[in-house]
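Student: Can you read through this structure? Questions will come right after.
Each value in this text was obtained by applying a stated rule to the coordinates, not by laboratory testing. None of the values given here were measured: they were computed from a predicted structure. Cβ placement follows ideal geometry from the backbone for every residue including glycine, while neighbour counts extend to all protein chains displayed.
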Amino acid sequence: MPKKLNVFVLGLTDFQRRSLATVPHAERYAFHALLSYDEAVQEHAGFEDLLRRARQQLERFAGSVDAILCHWDFPSSCLAPVLCEEYGLPGPSLSSVLKCEHKYWARLEQSRVVSPHVPRFVAVDPFDISAVKRLEQDLGYPFWLKPIKGFSSMLGFRIDRRSQLEEALARTRHAIGILGHAFNEALARVDMPAEVAGVGGLHCIAESIVKGVQAAPEGHVHHGQMHVHGVLDMVRDRNRKSFSRLQYPSRLPQGVQSAMSEVSRKVLREVGFDNSCFNAEFMWDRTRDRLWLIEVNTRMSQSHAPLFAKVDGASNHAIALDLALGRKPSFPQRQGRYPMAGKFWLNHYGDAVVERVPSQAELRELEQRLPGDPEVEVSVHAGQRLSELPNQDVYRYVVAELYLGARHPRDLLYRYRQCVAGLDLRFADIQPSSTARNAG
């Protein structure tokens with residue numbers, strides 16, 4: 001039997017391990033966790049400290065290191081390029097990743113090649129006592145305020161008036177260092193242009209509000225050639241500030257999808273991104289036929305894997321694995337069991353204590369009983385207070401994620417409601433002591 005190739009996955013979870021087991025010839029690979037999920041995602045340790053731990057783990061490994069995969073946002077997204085370079089493995093350069101992940105640097109790079117698709121933006125120092133007046137003068141309400149480097153919309157605020165801005169800046173000052181200090185350590189590893197050098201991990205970006213329907217092309221770059229293997233619709237929930245579900249494939253006009261791909265190609269070429277997966281987020285203003293680029297993420301989205309598997313018959317993990325091993329990816333189209341699939345975020349609004357979650361046996365019974373090959377990941381446990389959950393946005397708490405296949409959109413929503421009823425999640429709401437929610 002041929003020797004297995006050793007593939008290290010930053011923050012590997014059981015959910016990802018099950019998806020990786022579906023790639024073609026999975027028996028040829030040994031998948032290893034590089035850092036635990038808590039270390040790579042939850043702990044928010046220093047970048048150099050995490051890099052040291054990852055190096056030590058790889059150095060202690062007795063076999064060969066054949067590939068390193070990244071599925072998570074910062075710091076994993078920046079650890080992977082450094083480690084790949086040190087081990088001579090395929091992967092993007094750290095500078096190309098940072099040019100996409102540093103929100104202000106990214107906007108400057110994007111403005112050079114796709115300026116009609118970039119909203120108005122300004123850098124913000126939340127510790128500057130004149131920040132409020134400067135924002136009112138330079139941008140004007142309404143706008144979004146976000147950290148230069150955030151996680152899962154953490155500390156992302158829609159600002160409509162001065163009182164909201166003052167509160168958002170206060171909360172940002174309190175919590176921005178959770179990722180900001182580590183991000184500055186990563187930035188110290190590259191040469192930054194003068195126009196960016198003074199804007200670091202403890203800064204924010206403010207951007208004008210753009211409207212429309214949102215979608216995300218996912219693809220990869222191999223030896224300078226970009227390919228998109230799917231476009232997903234991103235559907236917002238009732239507050240219009242958070243997402244309720246993803247639907248694949250996108251139902252947007254093909255011309256709009258092609259325009260998204262072309263904008264992505266220009267940006268990735270400008271920053272020098274290569275030999276890795278990406279996904280980009282866009283907003284299309286149907287009334288004005290105006291396309292806006294929201295951001296480019298420098299990794300495959302592991303949360304998209306079940307959607308591709310249900311519709312195309314293969315997980316996008318197969319593409320990421322091919323790239324990490326230096327191979328040209330190939331990917332099937334529409335060979336799965338379902339014409340469409342969806343990922344749903346089960347959201348709870350307002351703080352609460354979890355009273356009941358389904359047992360693992362109940363989850364497996366529900367997944368086997370209901371149509372659509374449902375897959376459920378519950379992220380809370382009984383007795384937990386929602387405000388203690390890490391990495392949440394400021395408008396909702398995500399308590400579970402659900403993946404489903406379906407025949408058409410109405411069928412998808414019907415099956416979703418069946419699954420939610422079967423989960424029987426229960427909460428005891430807590431009345432807030434103030435109007436502000438703890439964003440940390």
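Student: Report the label-to-label distance for residue 160 and residue 25 in nanometres (one decimal), using points 7 Å from each Cα along the Cα→Cβ vector.
Tutor: Placing both labels 7 Å beyond Cα along the Cβ direction yields 5.6 nm.
Student: Please name whichever of 271, 223, 260 sits farthest to the positive end of the charge dipole of region 213-429, dipole taken about the Cα centre and charges placed at Cβ: Lys and Arg +1, Asp and Glu -1.
Tutor: Checked the options; the winner is 260.
Student: Now a separate question. Calculate, for residue 49 and residue 333, the FRET efficiency according to 1/(1 + (r/R0)^6) with r their C-beta to C-beta distance and R0 60 Å; round to the nearest 0.05.
Tutor: Once rounded, the FRET efficiency stands at 0.90.
Student: Quick check: residue separation of residue 129 and residue 38 times 0.36 nm, minus the Cα distance between them. What number comes out in nm?
Tutor: Gain on stretching residue 129 to residue 38: 29.2 nm.
Student: Over the chain, what is the mean sequence separation of C-alpha contacts under 8 Å (at least six apart), divided by residue count, expressed as relative contact order in percent?
Tutor: The normalised contact order for the chain reaches 15 percent.
Student: Report the extension gain between residue 356 and residue 430 in nm, rounded to one decimal, defined as 0.36 nm multiplied by the number of residues separating them, less their alpha carbon distance.
Tutor: 25.1 nm
Student: Sort 308-321, 214-227, 250-263 by the packing proxy (mean of other Cβ within 10 Å over each peptide's residues), most packed first.
Tutor: Per-residue Cβ counts within 10 Å, averaged per peptide and sorted highest first, yield 308-321, 214-227, 250-263.
Student: Further question on the same structure: If the cut-off is a Cα-Cα distance under 27 Å, which lysines reach residue 343, setting aside same-chain residues fewer than 8 apart in sequence?
Tutor: Excluding near neighbours in sequence, the set is 103, 146, 149, 211, 241, 310.
Student: Sequence-distant or interchain residues sharing an amide H contact under 5 Å with residue 340, placed H: which?
Tutor: HN-HN under 5 Å from residue 340: 406.
Student: Label residue 365 and residue 189 with points 7 Å out from Cα along Cα→Cβ: what is the distance between them in nm?
Tutor: Roughly 4.8 nm, to one decimal.
Student: Can you bin region 84-222 into rounded, prolate or oblate? Criterion: square roots of the alpha carbon gyration tensor eigenvalues sorted a ≥ b ≥ c, rounded for a/c under 1.5, prolate for a/b above b/c, oblate for the rest.
Tutor: Prolate shape, in that a/c is at least 1.5 and a/b is the bigger ratio.
Student: Using 0.36 nm per residue of separation minus the Cα-Cα distance, give me the extension gain between residue 408 and residue 112 in nm, one decimal.
Tutor: 102.6 nm
Student: Here is a further query. Taking a point 7 angstrom from the Cα of residue 15 along the C-beta vector, which residues in region 346-368 have backbone N less than 13 Å away?
Tutor: Residues 346-347 fall inside that zone.
Student: With a 10 Å cut-off between alpha carbons and a GNM built on the chain, which of 203, 348, 102 moves the most?
Tutor: 348
Student: Right, something else. Can you work out ³J(HN,Hα) from phi for every residue in region 184-191, in order, using Karplus 6.51 cos²θ - 1.76 cosθ + 1.60 and θ = phi - 60°, giving whole Hz and x for Gly and Pro?
Tutor: 4, 5, 5, 4, 5, 8, 10, 7
Student: Using only alpha carbon pairs under 8 Å that are at least six residues apart, calculate the relative contact order of region 253-378 and give it in whole percent.
Tutor: Here the relative contact order equals 16 percent.
Student: Continuing with this model, one more query. Counting other Cβ atoms within 10 Å, keep those with at most 15, restrict to DSSP loop, and tell me which trypsin sites (Lys or Arg not before Pro) in region 1-70 are left.
Tutor: For trypsin sites (Lys or Arg not before Pro) across region 1-70 that sit outside H, G, I, E and B with at most 15 neighbouring Cβ atoms in 10 Å, the list reads 3, 4.
Student: Hey, with R₀ at 22 Å, roughly what FRET efficiency would residue 285 and residue 227 work out to, going by the Cβ-Cβ distance, to 0.05?
Tutor: For residue 285 and residue 227, the calculated efficiency is 0.25.
Student: At 222 nm, what value in deg cm²/dmol follows for the chain if DSSP H runs of at least 4 each add -39500 (n - 2.57) and the sum is divided by all its residues, to the nearest 500?
Tutor: -10000 deg cm²/dmol
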